[in-house]
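Only the coordinates and a few stated rules stand behind these numbers; no lab work does. From a predicted model like this one, the values you see are computed outputs, not experimental measurements. Cβ placement follows ideal geometry from the backbone for every residue including glycine, while neighbour counts extend to all protein chains displayed.
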Amino acid sequence: MKIGIVCYPTFGGSGVVATELGMALAEKGHEVHFITYKQPVRLDFISNNIHFHEVFVEEYPLFHFQPYELALSTKIVEEVEKHAIEILHVHYAIPHAYAAYMAKQMLLEKGIEIKVVTTLHGTDITLVGSHPNYKAAVEFSINNSDVVTTVSESLKQDTLRLFSIRKPIHVIYNFIDFTKYPDIVSPECQRNAIANENERIIIHISNLRPVKRAEDVITSFYKIQKEIPAKLLLVGEGPDREKIGKLTKELKVEKNVLFLGNSTEVNKLLCYSDLIILPSETESFGLVALEAMAAKTPVISTNTGGLPEVNIQGITGFLSNVGDTDEMAKNAISILKDEAVLKQFKQNAFEQAKKFSLDQILPAYLKVYKEVLADCC
């Protein structure tokens, strides 16, 4: 098959999933075309079946905001014509599903039919998409996609609650490629580069937006480190970076907190870690939780959105109400204080992650592609 993938080329979960999916499809022999404004951060061109087409948005004084949707839909038309792309898989409703619909209409006028699969990832539905300024366009784009998928049952129910959807929604979970996760005892995992032998290593990974509640990470860590010697790794960049930096100083834990910025080697950082804290206000799935579990890292998270579908209470970690840093810290300590308990949680997390392996999830997407192509042929 010839598949076009449209995504945000960033460190966020939707971009990571779209990129990993495209690379996996290419390894299976399919021709994959990424169409976006810059090369996705995790895109590896080791396969001849992978192509990247950059979308350029011309600066024009008339426009206060440059019309990316127009440039994207035009680029889609261009590449579909040039490469005979059969399926367009767009990740995120805004602006990708809308641009895909416009491209599809332009192509139909040329006598070309392209099938559109739209995968909804979270904030495109629960935060941005449901805003009155965008809701009608998002609803229209979803209903005019050939197939719609969500990354969790929770997000499916949110979509049905917030929009009037006239077609089935398929749940296809996010996945993990285990070949990219070194074993926990790998020589690559030299913990002493970060912490002393008696210290636990805790990690948080996000884009540090308010919805991720990174301040709760610092507050929880402050309470944990009073009971257990520990270091905290903060991975990511975002608008709350300065705020949480100030909080580490106010709580006098800055010497034990390492700000690492964005990273394309999250898998290697996770192999150092004993625990991950994810206090998000909302998560449609929680890809970071799954990545952590694949690296045998237990999860302390909130119980919001799709997180309970990934992190199993008392088995792979613990779930708490949003903002309950006391309980998060208490649960973290209960895991970290005993070596045998920690070892069991690590193994449980790894076993749970296997249910979301690439080998388990990729066939579901291939099934969708084949069925949607069969409908037109």
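So the values come out like this:
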item	result
FRET efficiency, ASP359 to ASN133 (Cβ-Cβ, R0 41 Å, nearest 0.05)	0.50
Trypsin sites (Lys or Arg not before Pro) within segment 97-167, DSSP loop, no more than 15 other Cβ atoms inside 10 Å	LYS110, ARG166
222 nm mean residue ellipticity, helices alone, for the chain (DSSP H n ≥ 4; -39,500 (n - 2.57); rounded to 500)	-11500 deg cm²/dmol
Sequence of ARG42, ARG213, ARG241 once ranked by neighbouring C-beta atoms within 10 Å, starting from the fewest	ARG241, ARG42, ARG213
Gain upon complete extension [LYS243, HIS170; 0.36 nm per residue less C-alpha separation]	22.4 nm
Segment 149-253 - convex hull of alpha carbons, volume per residue in Å³	161 Å³
Most mobile of GLY317, GLY261, GLY306 in a GNM of the chain (Cα contacts under 10 Å)	GLY261
Between 0 and 90°, nearest 10: helix 214-225 axis offset from the chain longest Cα axis	20 degrees
Folded to 0 to 90 degrees: helix 98-109 orientation relative to the chain principal axis, Cα	20 degrees
Ranked ILE315, ILE218, criterion: other C-beta atoms within 10 Å, fewest first	ILE315, ILE218
Between 0 and 90°, nearest 10: helix 13-27 axis offset from the chain longest Cα axis	70 degrees
Sequence of CYS271, CYS7 once ranked by neighbouring C-beta atoms within 10 Å, starting from the fewest	CYS271, CYS7
R0 of 25 Å, Cβ-Cβ distance GLU250-ARG191: FRET efficiency to nearest 0.05	0.35
Full-stretch length increase - PHE45, ASP338 - with 0.36 nm per residue and alpha-carbon distance subtracted	101.1 nm
Full-stretch length increase - ARG209, LEU373 - with 0.36 nm per residue and alpha-carbon distance subtracted	55.2 nm
Cα gyration tensor, the chain - rounded (a/c under 1.5), prolate or oblate	prolate
Mean shadow area of segment 233-377 over all directions, Cα convex hull, nm²	10.8 nm²
Global form of segment 1-46, assessed from the alpha-carbon gyration tensor, a/c cut-off 1.5	prolate
LYS28 versus PHE140: modelled label distance in nm, points set 7 Å from Cα along the beta carbon direction	3.3 nm
